[in-house]
Ligand SMILES: C[S@@+](CC[C@H](N)C(=O)[O-])C[C@H]1O[C@@H](n2cnc3c(N)ncnc32)[C@H](O)[C@@H]1O
């Protein structure tokens, strides 16, 4: 998993999460070990790496969310790594939402140590069976991100 601990990951964990440089590796391994069940990709350290900046449309997404004040929901956000990346890239937190089948964001709070400052609204919901918390957002999102998500249904 060492290859996942890139400069980009360090640039998040050191200044944003206040993890000392010499502790980054130990911290990342500790969180990933906790994350192991039930997703195999978590065990490979995928939660450390944000997916959204790899999208060809990422600049367009940022313009929509940062410059135009648009809203974004991350469906299947897991622990919220992409949402932190958007915040790093100046997205207003109030405009960001994350959903997942189960609460994985507590893991994100452990990884990024930001429970006291993260304002993103997380919604625990089965996307195939929307609840009222999700339904109130219907028609209000400018961007719906679903990275590494649709493969759940093959
Ligand atoms: C591989 S992770 C993707 C994490 C992140 N989006 C990324 O790009 O790395 C897939 C996520 O989809 C969530 N998921 C699976 N089925 C779901 C459902 N029916 N409703 C909501 N989330 C679901 C899982 O809990 C898991 O966190």
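Counting each DSSP H run of 4 or more residues in the chain as -39500 (n - 2.57), what helix-only mean residue ellipticity at 222 nm follows after dividing by all residues, to the nearest 500 deg cm²/dmol?
Values: 7 runs with 48 residues, N = 154.
The helix contribution divided over the chain gives -7500 deg cm²/dmol.
Quick one: angle between helix 24-35 and the longest Cα principal axis of the chain, in degrees between 0 and 90, rounded to 10, please.
60
Fully extended, how many nm does the chain gain between residue 11 and residue 148 (0.36 nm per residue separation, minus their Cα-Cα distance)?
Working: separation 137, 0.36 × 137 = 49.32 nm, distance 2.30 nm.
Taking 0.36 nm per residue and subtracting the Cα distance, the gain is 47.0 nm.
Could you work out how far apart the two model spin labels at residue 18 and residue 127 are, taking each label as a point 7 Å from the Cα in the direction of the beta carbon, and quote it in nm?
My value for the distance between the label points is 3.4 nm.
Starting from the alpha-carbon convex hull of segment 2-153, give the projected area averaged over all orientations, in nm².
Values: hull surface 35.9 nm².
So the Cα hull casts an average projection of 9.0 nm².
Order 107-120, 68-81 from most to least packed using the mean count of other Cβ atoms within 10 Å.
Working: 107-120: 17.1, 68-81: 20.7.
Top of the packing list down: 68-81, 107-120.
Whole number please: convex hull volume per residue, Cα atoms of segment 79-146, in Å³. All intermediate terms of the calculation are to be shown ahead of the outcome.
On the way: hull volume 6.2 nm³, N = 68.
About 91 Å³ per residue, rounded to a whole number.
Taking the Cα-to-Cβ direction at residue 138 and at residue 109 and moving 7 Å from each Cα, how far apart do the two end points lie in nm?
Inter-label distance under the simple model: 3.0 nm.
Set the Förster distance to 35 Å, then compute FRET efficiency between residue 39 and residue 67 from the Cβ-Cβ distance, nearest 0.05.
Details: r = 34 Å, r/R0 = 0.97.
The calculated FRET efficiency here is 0.55.
No value in this document is a laboratory result; all are computed from the given coordinates. Since the structure is predicted, the reported quantities are computational estimates derived from the model, not experimental observations. When we count neighbours, we look across all protein chains shown, and the Cβ atoms used for this are built from the backbone with ideal geometry, even at glycine.
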